Each structure stands twice: as C-alpha cells, then as structure tokens.
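Data block below; observations after.
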Amino acid sequence: MKKFMIILSIMVLLLTAGCAKTETAGGQKTIRIAEQYGIAYAPVQIMKAQGLLEKNCPGIAISWEQMNNTAAIREAMVADRLDAGFMAIPPFLIGWDNGMDWKIATGLSSVPTGLVTNTSINNLAELSEKDRIAVPQPGSVQHILLAMACDRDFGYPQKLDNQLVTLSHPDGMNALLSGGDVTAHFTATPYLEKELATPGFHQILSGNEAFGGEFSFIVGVTTKKLHDQNPEVYAAFNQAVAEAITFIKDHPQEAAVILSDAYDLPEAGVLAYLSAADTEYSQTVKGLQTFSDFMLKTGYLKKSFENPTAVIWEQTDYED
Amino acid sequence: MKPIIEICGLGKSYEGRPVLADINLEIGPGELICVIGASGCGKSTLLNLIGGFVKADQGEIRLNGRLVEKPSRQCIMVFQEFDQLFAWQTVRHNIEFALKKAPERLSHPEIRSRADHYLAMVKLSDFGDYYPNQLSGGMKQRTALARALALSPQVLLMDEPFGSLDAQTKRELQETLLEIRQETLATTVFVTHDIREALYLADRIVVLKAGAVAAVIKNQTRNTDETRVAEITALLSP
Amino acid sequence: MKIKELFLKPYSKYIWIALMLVAWELTAKLAPVSPLAFPSLELILTALIDSIINGDILMQMLFSLGLILIGLGIGVALAFMMSFLSVVSPVFASFTDTCVSIFHPLPGIALLPLIILWIGTGSMAILFIIVHSVLWPMILNMTAGFKAIPEVYKKIGKNYEFNTLQSIIRIFVPASLSFLIAGLKISWARGWRAAISAEMIFGASGGIGGIGWYIFNKRVFMDTAGVYAGILMIIAVGIFVEDVVFGQLEKNTIKKWGVA
C-alpha cells in the first residue's frame with residue numbers, strides 16, 4: 001500500500017510539473033514575438049535588423065521565436081509562450097471565436113495573392129472533382145478567399161473544400177509545377193510570381209477579385225496580457241512596426257539589402273517584390289468586417305462582433 | 001525373394017572426411033533391420049542416404065530396382081525430434097495432411113476413416129483433436145509413426161525415434177511398432193544405439209563401425225539376455 | 001494485498017486509463033489551465049459525440065483504416081515475396097539486406113517532398129508511405145521467421161513431395177507464424193502512425209479525408225476538444241486492434257499451438 005501511494009504521488013508530481021510555465025511578470029520589459037519569413041512579413045525583419053523595438057523601449061528583452069504556421073502561433077499564445085505574432089485575418093478570427101484573449105494591434109501588409117492553375121483550366125467552374133487545390137491549410141486566408149469566390153460564383157462556399165490539399169507554399173509550388181494531381185495552388189508572393197513565370201501556368205483568380213476589394217493580408221496580433229500589463233512594450237511594438245513600414249517606403253533599396261541578407265534571396269528580386277504595385281505595407285487594418293461577415297454566414301465562425309473594437313485594440317486604424 | 005532395397009558400394013564423405021565407405025546391403029520386403037553403432041559411426045547418414053535426403057559420393061541405392069535420387073513418399077522417415085509434428089495442426093490433421101497427398105486421390109470420408117484407422121493403430125484414438133503441444137513425448141512419436149504409416153510407404157525409415165523417451169514409454173512404443181509390423185508388413189530400417197532395442201525389434205542387425213559394416217547378425221530368437229547383449233557390445237568395441 | 005493484485009490482472013490497463021481520466025478531469029477542473037489547452041472530459045466527449053452524429057469522423061476513421069488495410073496487404077505481399085526469395089537465393093538475400101539497411105531507418109515522412117513530386121498528394125501517396133512503413137519491418141521479421149523454421153519440417157516437406165507452393169502454404173507460413181504476427185504488429189503500428197501523419201499533411205485529397213485530416217482540421221479551426229476527440233478515437237482503435245484483433249489472432253493460433 002505504501003509503495004502504491006509513493007508511485008501515485010510521483011505520478012501526480014510529474015503531471016503537475018508538466019503544467020508549470022515560465023511566467024512573464026507584468027511590468028518587466030519583455031516581449032516574445034513570432035518570427036516568420038516572407039515578403040509579406042518584411043517589416044518584421046526590418047524591425048529586428050534595425051533594432052527598432054530596442055530603440056523605442058530601451059532595456060527591453062526580446063525573444064524572437066521561429067514559427068512556421070499560424071496554428072503554431074496560436075497554440076504558443078494559448079500556452080503563454082508568445083506575446084505577439086503576425087498572421088492573416090481569418091485565422092485570427094478563428095482564435096478569437098474560440099475564446100482566445102487577443103486583438104489586432106496593427107495592419108502589416110497587402111501582397112499579391114492568387115489561384116494559379118495550369119493553362120487548361122480557365123476559371124473556377126472548370127475545376128473538376130479530380131482537381132486538387134493546394135492551400136497552406138484549411139481556415140487560412142487562401143482557403144477563405146477561395147470559399148468567397150465559390151460563394152459568389154456558385155452560391156456554395158464549400159464547393160471545393162473536399163479537394164483541398166494542405167501544403168506549405170514551397171511544397172505546394174513543387175506539387176503544382178510537377179504536374180501531378182495538384183492542378184491549382186492558392187498562394188502569395190513570391191511563389192505566385194515564380195509560378196506565373198513558369199510556362200503553362202496562369203492565374204485564374206486574384207485575392208482581390210475573390211475578396212471584392214483590398215484587404216490586409218497580414219496583421220499584427222498581441223495578447224491582452226501584453227496589452228494590459230505591459231503598455232510601454234505594447235506601444236513600442238506598434239511604434240516599431242510603424243517605423244519599419246516607413247523605412248521600407250522611404251528606403252526600399254536599403255530595405256532590400258537587409259531582406260536579401262535575411263532571406264538569402266537576390267537583392268534585385270526582393271526590391272522588385274517590395275515595390276510591386278500590388279504590394280503595400282500599411283498599419284491600417286482592411287477587410288476585417290467583410291471576412292467576419294462571410295465566415296459567420298458560412299459557418300467558419302460561430303460568433304461575430306458588434307463593434308470592431310472587440311477585436312482591435314484602441315488607436316488601431318481600420319477601414320472596411 | 002527379390003530385395004526391396006539394394007545398397008551397392010555406397011560411400012559418403014563430409015568435407016573430405018569419409019563417413020561411410022563401401023557399404024553393401026540388401027534388405028528384403030517386410031524385413032525389420034536395425035542399424036546400430038556408436039555415435040558418429042555414420043548410421044544416421046546411411047538412413048539419410050536411403051531416404052534420398054543426401055546424395056552419395058560413391059555407389060548407389062536402389063528402391064525396387066529404381067535409383068534413389070531424392071526423397072519420396074515411398075520411403076518415409078520418422079525422426080527423433082518431438083517437434084517433427086506440425087504444431088499448428090491437431091493430431092488428426094497431422095495424419096490427414098499426409099493422406100491428402102496420396103496419389104490415389106482419396107475422398108474426404110476415406111481420409112477420415114484411414115486417419116481413424118492409423119490413430120487406433122498407434123493407440124491415440126481419443127487424442128485426435130489434441131494439438132502436439134498437449135501431448136507427451138511418447139504420444140508425439142506415436143503420432144509421427146501414424147503419419148508415416150498413413151501413406152502406406154514401401155519403406156519406413158526410423159532415426160532413433162524412441163531415443164529421447166523414458167524406458168517404460170520406449171518399451172510400449174517398441175511393442176506397438178512390432179504389432180504394426182504384423183499388420184502392415186512395411187519394410188523398416190531402424191537406427192538405434194540401444195543394443196537391447198535392436199535385439200528386441202530386428203530381424204537382422206547391421207553393426208556399423210567407423211563407417212563400414214562390421215557384421216550383419218540374424219536375430220530370429222529376439223533374445224535380449226545379457227550374453228546376447230555382451231556378444232554385440234564386443235562387436236561394437238574397437 | 002488487494003490493490004496490488006488489481007494491477008496485475010489483464011484488465012489492469014483499463015484501471016490505469018480510468019485513473020488517468022480522473023487525473024485529467026481534476027486538472028481541467030481545478031488547475032488554472034485554459035480550456036483551449038486542456039478541455040474537460042465533458043467538452044471532449046461532446047465534441048466526439050457531435051463529430052459522430054453530425055460529422056464524418058466514423059467515415060474518416062474507416063477511410064484511414066481502409067488505407068491501412070490495403071497498405072498492409074500490399075506491404076505484406078511484397079515482404080513475403082522478398083523474404084521468400086531471400087531464403088531461396090543468397091544473392092537475392094544480400095540485395096534484400098541492402099534495401100533493408102537503406103530504407104528501414106528512413107521515416108516515410110522524410111520522403112514526403114519526393115513523394116509529392118513522384119506520385120502527387122492523393123491516396124496513392126499515403127498508400128506509398130504506409131507500404132514503406134510496413135515493408136521493411138515485415139521483411140526483417142519474415143526472414144528471421146523463415147530462417148528459424150526447424151530443419152526437420154523442411155525434410156518432411158521433401159519427404160511428402162510438396163511442391164514450392166505447398167511448402168509455402170503448409171510449412172513456411174504456419175511454421176513462422178509467431179514471427180509473422182510479431183512483424184504484423186510492428187507493421188500495423190508503424191503504418192497507422194505513418195498514415196495519420198501523412199493525412200495531417202495531405203488533407204482530404206480522397207474526399208472526406210482520414211482521421212489525421214480530422215485532427216488537423218480541428219487544429220486549424222482551433223477546436224481543441226475536437227483534437228482530443230480525434231486522438232481518443234485513435235487510441236481506442238489502437239487498443240481495439242492490439243487487444244481484440246491481434247489478441248484473438250494469437251489466441252487462436254500461436255498460443256493455442258504452444259509456439260508463442
């Protein structure tokens with residue numbers, strides 16, 4: 001009996017030890033940010049390289065966490081291992097819908113997005129049941145944009161849901177270009193441009209066509225904890241994003257040098273992406289209401305907000 | 001009477017070392033021959049040669065006048081190992097599987113009745129549905145004997161089949177073998193190192209020594225008394 | 001001691017599971033954890049029941065199991081051919097050895113980028129990964145099993161003039177069955193994991209997708225209770241296959257024969 005109790009208490013100890021976490025005490029100047037790669041995240045990289053957060057908040061301790069998808073960022077925030085991250089509006093709304101205590105702090109970028117197919121397909125209607133469509137994941141902005149187009153064209157947003165294949169952007173590009181069962185890929189800069197430069201492939205739908213206007217592709221999100229307990233850091237975070245965006249606009253060449261270094265891409269290419277007509281870096285959050293309305297109507301969300309302040313921190317610009 | 005097995009000038013070496021040399025032997029139909037000898041004298045090799053399991057280097061073996069080149073159903077071997085039965089089949093199925101291979105294409109009821117017949121012959125009628133792992137060593141060897149007999153082979157080759165059994169069981173099985181012999185008249189070549197066993201069973205005893213036939217002894221009396229044992233022991237000693 | 005005896009019985013697995021569930025529920029209810037990370041059992045069961053009634057979880061489970069069965073079938077057949085040829089021919093054996101040492105340590109998921117290029121992303125690709133996971137451990141077990149067949153069985157096969165097919169069916173397979181079942185167990189476990197991982201990456205390319213896709217979907221739509229519901233299903237199937245399918249198979253064969 002005694003032995004049994006010892007074993008049991010060890011088990012309880014082990015179980016509870018798993019739940020312990022490193023607390024970030026309020027007031028201390030620390031921030032944990034998800035670091036992601038890509039043209040759409042350019043201001044994040046500039047912010048890091050230029051030390052803009054440190055400049056706006058002297059003495060801050062920054063921990064850059066490498067993350068490669070939105071689900072991981074959300075999970076890290078739930079586990080209180082991350083304070084701020086960047087993602088598209090639909091996955092943010094899904095997190096909010098499920099009770100995550102977070103809001104949008106800033107817009108970040110709009111970049112070219114689109115659905116690329118081989119040239120034998122000319123529009124959505126010509127995608128047969130055999131065609132497979134690569135998207136980064138269900139619930140991603142690419143998936144929601146596709147659903148929006150299906151809703152408008154066929155009155156059936158889920159029309160293509162059972163033909164989705166979850167592939168990261170580079171895998172999706174390889175799958176499309178190799179000519180296998182993936183015949184369509186909803187992607188973004190720079191994979192979009194690379195695919196369109198390949199003979200035999202063209203774009204049948206752009207993100208803006210699907211959405212019916214312009215929208216923020218990536219926004220910056222922070223937890224309520226950071227916003228409430230660390231206002232100084234929160235303000236510095238927003239300020240740093242603003243300065244990074246200004247830097248890209250004012251000094252595109254220098255920004256291209258920094259990014260080409262960080263992403264290991266040719267400088268001229270990066271500059272071309274940064275200054276493309278469809279690429280815009282802006283702190284204004286665009287398209288929030290449209291995404292929310294659509295996702296509520298189609299069942300991807302269970303609830304909506306009456307006032308955008310429910311999902312956007314005060315002083316954040318938005319338009320719809 | 002024409003011999004059923006003719007062995008002529010038989011020789012066998014393993015890796016250059018001669019195991020058997022110039023063996024000549026004729027075995028008549030229905031005879032029970034015991035081959036005895038010390039371990040390593042080549043008696044098992046002789047049995048494997050007759051069965052066609054190994055090839056001779058010199059000489060030849062004929063079964064009914066036909067050269068033996070590979071194992072056949074005419075000449076069934078019973079081994080010493082208890083696990084010669086198929087562990088995955090019941091006693092009955094171990095016997096029936098042999099019958100299914102019979103050249104005369106037996107019907108299912110025929111197979112059953114023959115299996116019953118041989119089960120009774122080895123006194124295992126009540127154990128048909130047992131798996132080998134539920135049987136004693138003696139019962140396993142009885143089953144192996146029944147399986148060998150089921151095909152009515154012309155020759156039964158027995159490689160120390162009772163060698164791992166206790167004295168009591170061994171005696172019972174020897175008696176059963178003699179009874180079976182009365183009934184089936186199968187020609188039997190029985191290898192053993194037990195002189196009393198040979199004296200009890202054999203019509204003739206072939207004494208092998210260092211790979212050669214040292215003596216062939218007629219054994220009509222089946223007398224197993226000590227003088228007889230001593231007589232043969234003398235033949236075996238160098 | 002009564003409590004101790006309780007944990008030495010065959011059903012002790014279920015007592016442990018019950019204890020873990022209690023510990024889970026206590027943590028979910030009493031500890032300061034977010035339901036997004038640590039949903040209570042009610043939430044998980046509600047999600048599971050909802051998925052069974054309104055969703056496709058059962059069909060998705062069957063879809064995954066179907067893929068596994070086909071993959072196991074192909075893998076076992078291939079493994080059988082290669083193992084048998086290896087036993088018959090030493091040259092082929094060295095070829096098989098080489099293949100096993102190259103491919104056995106290679107996780108199917110590591111091949112994924114190549115598989116996408118070769119055969120795309122459909123069920124064929126998942127099947128390929130399953131066959132890859134099944135084939136090599138199966139070959140290892142089968143060749144070991146064939147080598148362990150007692151010499152006396154092979155002699156008996158010759159004595160009764162079995163042809164090759166008859167010796168395979170009547171001797172090789174049953175005589176090495178304990179090895180084959182051990183191989184099947186490993187292959188099943190590896191194939192099942194590979195299938196679920198691949199489904200989580202490829203998505204619903206076959207239509208409704210499998211249980212891996214179910215979990216992935218629940219993840220991306222942040223339905224944590226749903227994720228646990230999917231995991232519960234996987235555990236339930238795992239225990240079912242291990243205890244019932246393999247348990248019965250062993251009970252009716254190698255345990256009955258006394259060769260386990």
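All told, B:Leu156 meets the bar of being in contact with a strand residue (DSSP E or B) (Cβ under 8 Å, 6 or more places away or on another chain) and either within 14 Å of another protein chain (Cβ to nearest Cβ) or among the acidic types (Asp, Glu) (or both). Specify the residue that is nearest to A:Trp96 (Cα to Cα); the eligible residues are those in the range C:18-42 that are surrounded by 12 or more Cβ atoms within 10 Å (Cβ to Cβ) and away from chain A (no Cβ under 13 Å). Among them, the one singled out is C:Ser40. With respect to (1) in the same structural domain as B:Lys170 (by TED's automatic domain parsing); (2) in a loop (DSSP other than H, G, I, E, B); (3) of a type outside the set (D, E, K, R), the lone exception for B:Gln80 is condition (1).
Within the range B:71-81, the presence of at least one residue that is within 14 Å of another protein chain (Cβ to nearest Cβ), within 19 Å of B:Pro161 (Cα to Cα) and among the basic types (Lys, Arg) is confirmed.
All of A:Ala49, A:Ala71, A:Ala88, A:Ala76 fail the test of being in the same structural domain as A:Ala272 (by TED's automatic domain parsing), surrounded by fewer than 24 Cβ atoms within 10 Å (Cβ to Cβ), of a type outside the set (S, T, N, Q) and under 18 Å from C:Asn217 (Cβ atoms), apart from A:Ala71.
In this structure, C:Ile115 does not qualify as touching a residue at least 40 places away in the same chain (Cβ under 8 Å), assigned to a helix (DSSP H, G or I) and of a type in the set (A, V, I, L, M, F, W, C). Of the residues screened, A:Asp101 is one that is acidic (Asp, Glu), within 14 Å of another protein chain (Cβ to nearest Cβ), in contact (Cβ under 8 Å) with a residue 12 or more places away in the chain and surrounded by fewer than 17 Cβ atoms within 10 Å (Cβ to Cβ). Go through C:Met138, C:Met81 for me and flag whichever is of a type outside the set (Gly, Ala, Ser), closer than 26 Å to B:Ala87 by Cβ, surrounded by 21 or more Cβ atoms within 10 Å (Cβ to Cβ) and modelled with pLDDT of 90 or more. Every option except C:Met138 fails the conditions.
Within the span defined as the range C:138-154, one or more residues are part of a helix (DSSP H, G or I), farther than 29 Å from C:Ile201 by Cα and β-branched (Val, Ile, Thr). One residue is enough: does the range B:91-111 have a residue meeting the conditions among the small types (Gly, Ala, Ser) and buried (at least 20 other Cβ atoms within 10 Å of the Cβ)? Scanning the range B:91-111, I find at least one residue that is among the small types (Gly, Ala, Ser) and buried (at least 20 other Cβ atoms within 10 Å of the Cβ), so the answer is yes. Looking only at the range B:21-43, residues that are surrounded by fewer than 18 Cβ atoms within 10 Å (Cβ to Cβ), touching a strand residue (DSSP E or B) at 6+ places or on another chain (Cβ under 9 Å) and outside any strand (DSSP E or B) come to 5 in all. Scanning the range C:127-135 turns up at least one residue that is buried (at least 16 other Cβ atoms within 10 Å of the Cβ) and within 14 Å of chain A (Cβ to nearest Cβ). The set of residues in the range B:162-207 that are in contact with a Pro (Cβ under 6 Å, 6 or more places away or on another chain) and of a type in the set (D, E, K, R) is empty. The numbered conditions (1) out of contact with any Leu (no Cβ under 9 Å at 6 or more places or on another chain); (2) among the charged types (D, E, K, R); (3) not in a helix (DSSP H, G or I) are all true for B:Arg196 except (3).
The residues of the range C:28-52 that are at pLDDT below 90 and either assigned to a helix (DSSP H, G or I) or farther than 21 Å from A:Ala79 by Cα (or both), listed by number, are C:Ala28, C:Lys29, C:Leu30. Total residues in the range A:138-179 satisfying the condition of being facing another protein chain (nearest Cβ under 10 Å), buried (at least 22 other Cβ atoms within 10 Å of the Cβ) and among the small types (Gly, Ala, Ser): the figure is 4.
The values are calculated or read from the model by the stated rules, or taken from the named source; none is laboratory data. Nothing here was measured: the structure is a model prediction, and the numbers come from that model. Please note: Cβ atoms are built from the backbone with ideal geometry, for glycine as well, and neighbour counts cover all protein chains shown.
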